[in-house]
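Comments concern the structure below.
The values are calculated or read from the model by the stated rules, or taken from the named source; none is laboratory data. Quantities reported herein were computed from a predicted structural model and do not represent experimental measurements. Glycine also receives a Cβ, built like all others from the backbone with ideal geometry; neighbour counts cover every protein chain displayed. Side chains included, ligands, DNA and RNA excluded: accessible areas come from the protein's heavy atoms. Shrake-Rupley method; radii C 1.70, N 1.55, O 1.52, S 1.80 Å.
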Amino acid sequence: MSAILARQGSGIRPLAIADLDAVMDIESRAYDFPWTQGIFRDCLRVGYCCWCYENDGLIQGYGVMSVAAGESHILNLSVRPESQRQGIGSKLMKHFLQLARRHDADIVMLEVRPSNVSAISLYEKMGFNEIGVRRNYYPADAGREDALLLALSLD
Ligand SMILES: CC(C)(COP(=O)(O)OP(=O)(O)OC[C@H]1O[C@@H](n2cnc3c(N)ncnc32)[C@H](O)[C@@H]1OP(=O)(O)O)[C@@H](O)C(=O)NCCC(=O)NCCS
């Protein structure tokens, strides 16, 4: 009974290999250039922080963060298109910032496309600042697109 209730609830939990079909369904609809399932498998295998937000047994969003040598790097943050603008991305971000602190990181960094105004708005609300530009970082329809490098100091 408790397992059923837990499955029907909502909250943040670790991502597992068994979730990857659901993740890929979101990933392929959330991005023009989605990660492959192999990238998610590699992130789980090497022990990156891989978490998802689930509601009534359905994954609504997920993210991936690496932590090493006092630096955290948010590598992926995605919310199911039908569930965006409901606070799920913010919940996942807050969770990752807590995790980064728990891992004694001093700084959290991430890259974002300059064209991704909704993500930039979310990151700015979380306190991130632009600290640089990575030229030709992302694939794009017309060649490559720069990435903005954003950072949040945890001091
Ligand atoms: C970016 C993303 C993760 C945000 O998740 P979300 O659950 O929709 O975000 P939230 O509901 O927590 O919104 C938090 C803030 O983000 C900004 N935001 C989110 N969606 C927005 C939109 N469509 N337009 C403008 N601002 C938006 C707003 O500032 C919002 O605060 P507000 O609702 O008080 O105005 C989600 O839009 C997404 O998955 N996008 C596709 C994948 C992607 O681009 N990921 C980021 C890669 S760097």
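Which value in Å is the Kirkwood Rh of the stretch 31-88 over different Cα pairs?
Details: mean 1/r = 0.0798 Å⁻¹.
By the Kirkwood definition, the hydrodynamic radius is 12.5 Å.
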Quiz item: Of Ala100, Ala142, Ala30, which has the largest mean-square fluctuation in a 10 Å C-alpha GNM of the chain?
Solution: Ala142
Quiz prompt | the chain: calculated mean residue ellipticity at 222 nm from DSSP helix runs of at least 4, using -39500 (n - 2.57) | solution = -9500 deg cm²/dmol
Self-check item: Farthest toward positive dipole pole in the chain [+1 Lys/Arg, -1 Asp/Glu at C-beta], among Thr36, Val79, Asn136
Solution: Val79
Exercise. Over the chain, calculate the relative contact order: mean separation of alpha carbon pairs under 8 Å at least 6 apart, over the residue count, as a percent.
Key: 18
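Which value, in Å², gives the accessible area per residue of the chain when a 1.4 Å probe is used on the protein heavy atoms? List each step's numbers first, then the result.
Values: 8720 Å² over 155 residues.
Result: 56 Å² of accessible area for each residue.
About the Cα centre of the stretch 1-153, what is the dipole size in debye to 20, counting +1 per Lys and Arg Cβ and -1 per Asp and Glu Cβ, all else neutral? Present the calculation step by step, with values, prior to reporting the outcome.
Working: 16 positive and 18 negative charges, 63 e Å.
With only Lys, Arg, Asp and Glu charged at Cβ, the dipole is about 300 debye.
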Practice problem: Could you pull the Rg and Dmax for the chain, using just the Cα atoms, both in Å? | Solution: 15.5, 53
Quiz item: Using the per-residue mean of other Cβ atoms lying within 10 Å as a proxy for protection, in what order, highest first, do the peptides 130-140, 89-99 fall?
Solution: 89-99, 130-140
Self-check item: Residue-count net charge about Asp25 - beta-carbon cut-off 12 Å; Lys, Arg +1, Asp, Glu -1
Solution: -2
Quiz item: Carbon-plus-sulfur fraction of the accessible area of the stretch 89-141, 1.4 Å probe, in percent?
Solution: 45
